[in-house]
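Worksheet: the structure to be examined is printed underneath.
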Amino acid sequence: MSRRLSPERIAGLVEGAASVAGQVELSGLLRSTVEIAMELTGARYGALGVLGEHGQLVHFLHVGMDEEEAIAISHLPTGRGVLGTITRAGRTLRLDNVSTHPDAVGFPPGHPPMHTFLGVPVRVGNRVFGNLYLTDKEGGFSEEDETLVEFLALTAGSAVSTLQLQERLRRAALLEERERIARDLHDSIIQDLFAVGLSIQAQANQIDPIHADVRARLDRAVEKLDETITALRRFIFDLRPPVWARPTLRQQLADLVGQLSAPYQTQVNLDVSCPRELPPPQLADELLAVVKEALSNALRHSGAGAVDVQVDGNEERVVVTVADDGAGFDPGRVRRGMGLANMAERVQSAGGTFHLDTAPGKGTVVRASFPA
Ligand SMILES: Nc1ncnc2c1ncn2[C@@H]1O[C@H](COP(=O)(O)OP(=O)(O)OP(=O)(O)O)[C@@H](O)[C@H]1O
Ligand SMILES: [Mg+2]
């Protein structure tokens, strides 16, 4: 920090920065950044312009002008002129008279005259999130003011980034919760209702035709149950996270490979080339099950230096291959475990074909091919 800052000003900055960093909501954070910057420098007016993706001004928050004054101005800043200069240059601009700067376009009608000016970019990560503007300090802004406001802008940027991260985490947690509720509803309630419906139906079929009215009432009850199940299904469908929020097959595979291979030295290569919408969720589960078993076999039994896991998909087929350069084996002579047999059976009952290619000394290739 600059040597020229007095202890009082440093204390003021630390206090101000702490209060900015403590904000739990974005608009409060931006407002307090402007207010504290004004307080620290003695500026009469302060503002913060938030920039959109293409550097355009999407939000302009101002402090120091009363309602009447603000309303009298014909329009909000457009981000041209000197304000645009800061955005383009991405660095601080300190001026004694903003109107005489070569980029100045003049104030809109009704705007109070402003002279001294200090503009500082607020960065979030490596992108300029917005600019902090201060104007009209008696005697002009000093180099000290510049240092103070730059520090404050730094704090504000990191506080904004923390808030954004928290927001993302909250959304992720919400999606996970929705997925869990949907699964619970599906697995327990719908199956139960379904079973109740079936048993009522069976009872109704046993009823003596003399009691036609009872039977009719039971039939209506079953219909009602069916309607409820349909409504619940629709509800569950709405609850499921949207497609873009579900983990992709690539992510799930990467997680699985990471988990399984962590305890081993073996190098595992993952290569997924599959359109994003493929495979359908049901197939994705089968595919993950194959990778899980084949890869854990390769890691546990083969002594391989490397294992290649490959998924290749097109509109017709999705093929998964797990190949190791390990010891290989004679399928007729090994102890029969559950893994290989289960895997082959799973693949076949999902309509796919299973292929095992191995021999002692030549490594093992497991391949499963599913209709997409
Ligand atoms: N990639 C491989 N390299 C070398 N040997 C293998 C490989 N995959 C399977 N084997 C041999 O085949 C046997 C049977 O495999 P399988 O997956 O059926 O059973 P497991 O892995 O021993 O037990 P489980 O899968 O039930 O935990 C293994 O015990 C091992 O001897
Ligand atoms: Mg196994």
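Would you be able to say whether some residue in segment 265-279 is more than 15 Å from ligand 2 (Cβ to nearest atom) and acidic (Asp, Glu)?
If we filter segment 265-279 for residues that are more than 15 Å from ligand 2 (Cβ to nearest atom), which is where we start, we get 265-279.
Among the residues that remain, those that are also acidic (Asp, Glu) are: 271, 277.
Checked against the condition, which is being more than 15 Å from ligand 2 (Cβ to nearest atom) and acidic (Asp, Glu), segment 265-279 yields at least one hit.
Return the pair list, or none, for Cβ contacts closer than 7 Å from residues in segment 302-320 that are in the same structural domain as GLN348 (by TED's automatic domain parsing) to residues that are part of a strand (DSSP E or B) and aromatic (Phe, Trp, Tyr), at least 6 apart or on different chains.
Partner pairs satisfying both residue conditions: ARG317/PHE370; VAL318/PHE370.
Can you pull out the residues in segment 280-298 that are more than 11 Å from ALA323 (Cα to Cα), more than 8 Å from ligand 1 (Cβ to nearest atom) and part of a helix (DSSP H, G or I)?
PRO281, GLN282, LEU283, ALA284, ASP285, GLU286, LEU287, LEU288, ALA289, VAL290, LYS292
Here is a yes/no grid of residues against (1) in a helix (DSSP H, G or I); (2) surrounded by 12 or more Cβ atoms within 10 Å (Cβ to Cβ); (3) among the hydrophobic types (A, V, I, L, M, F, W, C):
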{"residue": "ALA204", "(1), (2), (3)": "yes, yes, yes"}
{"residue": "ILE210", "(1), (2), (3)": "yes, no, yes"}
{"residue": "ARG215", "(1), (2), (3)": "yes, yes, no"}
{"residue": "LYS224", "(1), (2), (3)": "yes, no, no"}
{"residue": "THR228", "(1), (2), (3)": "yes, yes, no"}
{"residue": "ARG234", "(1), (2), (3)": "yes, no, no"}
{"residue": "ARG250", "(1), (2), (3)": "yes, yes, no"}
{"residue": "LEU253", "(1), (2), (3)": "yes, yes, yes"}
{"residue": "GLN265", "(1), (2), (3)": "no, no, no"}
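Would it be correct to say that THR147 is of a type in the set (Ser, Thr, Tyr), in the same structural domain as ARG123 (by TED's automatic domain parsing) and more than 18 Å from GLY130 (Cβ to Cβ)? Please lay out each step first, then the result.
Numbers: of a type in the set (Ser, Thr, Tyr): yes; in the same structural domain as ARG123 (by TED's automatic domain parsing): yes; more than 18 Å from GLY130 (Cβ to Cβ): yes.
Against the criterion (of a type in the set (Ser, Thr, Tyr), in the same structural domain as ARG123 (by TED's automatic domain parsing) and more than 18 Å from GLY130 (Cβ to Cβ)), THR147 qualifies.
Would you pick out the residues in segment 337-353 that are over 18 Å from CYS274 (Cβ atoms), touching a residue at least 40 places away in the same chain (Cβ under 8 Å) and touching a strand residue (DSSP E or B) at 6+ places or on another chain (Cβ under 8 Å)?
LEU340, MET343
Quick one: in segment 348-363, of everything that is away from ligand 1 (no atom under 14 Å from the Cβ) and within 18 Å of LYS292 (Cα to Cα), which residue is surrounded by the fewest Cβ atoms within 10 Å (Cβ to Cβ)?
Among those that are away from ligand 1 (no atom under 14 Å from the Cβ) and within 18 Å of LYS292 (Cα to Cα), it is SER349.
Could we say that VAL291 is aliphatic (A, V, I, L, M), away from ligand 2 (no atom under 16 Å from the Cβ) and buried (at least 20 other Cβ atoms within 10 Å of the Cβ) here? Step through it out loud before you land on a result.
On the way: aliphatic (A, V, I, L, M): yes; away from ligand 2 (no atom under 16 Å from the Cβ): no; buried (at least 20 other Cβ atoms within 10 Å of the Cβ): yes.
Here the answer is no, as VAL291 does not meet what is asked.
For segment 311-339, enumerate the residues that are within 16 Å of ligand 1 (Cβ to nearest atom), under 37 Å from the mean Cα position of the chain (by Cα) and either part of a loop (DSSP other than H, G, I, E, B) or not polar (S, T, N, Q) (or both).
Our first condition is that a residue be within 16 Å of ligand 1 (Cβ to nearest atom); within segment 311-339, this holds for 320-339.
Next, only the ones that are under 37 Å from the mean Cα position of the chain (by Cα) stay: 320-324, 339.
Those that are within 16 Å of ligand 1 (Cβ to nearest atom), under 37 Å from the mean Cα position of the chain (by Cα) and either part of a loop (DSSP other than H, G, I, E, B) or not polar (S, T, N, Q) (or both): VAL320, VAL322, ALA323, ASP324, GLY339.
I want to confirm something. Restricting to segment 294-311 and keeping residues that are of a type in the set (A, V, I, L, M) and closer than 14 Å to THR364 by Cβ, which single residue is surrounded by the most Cβ atoms within 10 Å (Cβ to Cβ)?
Start the filter on segment 294-311 by keeping residues that are of a type in the set (A, V, I, L, M), which leaves 294-295, 298-299, 304, 306-307, 309, 311.
Pick out the ones that are also closer than 14 Å to THR364 by Cβ and you get 294-295, 298-299, 304, 306-307, 309.
Values: ALA294: 26, LEU295: 23, ALA298: 29, LEU299: 20, ALA304: 21, ALA306: 14, VAL307: 27, VAL309: 26.
The residue in question is ALA298.
The values are calculated or read from the model by the stated rules, or taken from the named source; none is laboratory data. If you're wondering where the values come from, they're calculated on a predicted model, not measured in any experiment. Methodologically, a virtual Cβ is constructed for each residue, glycine included, from the backbone with ideal geometry; neighbour enumeration extends over all protein chains shown.
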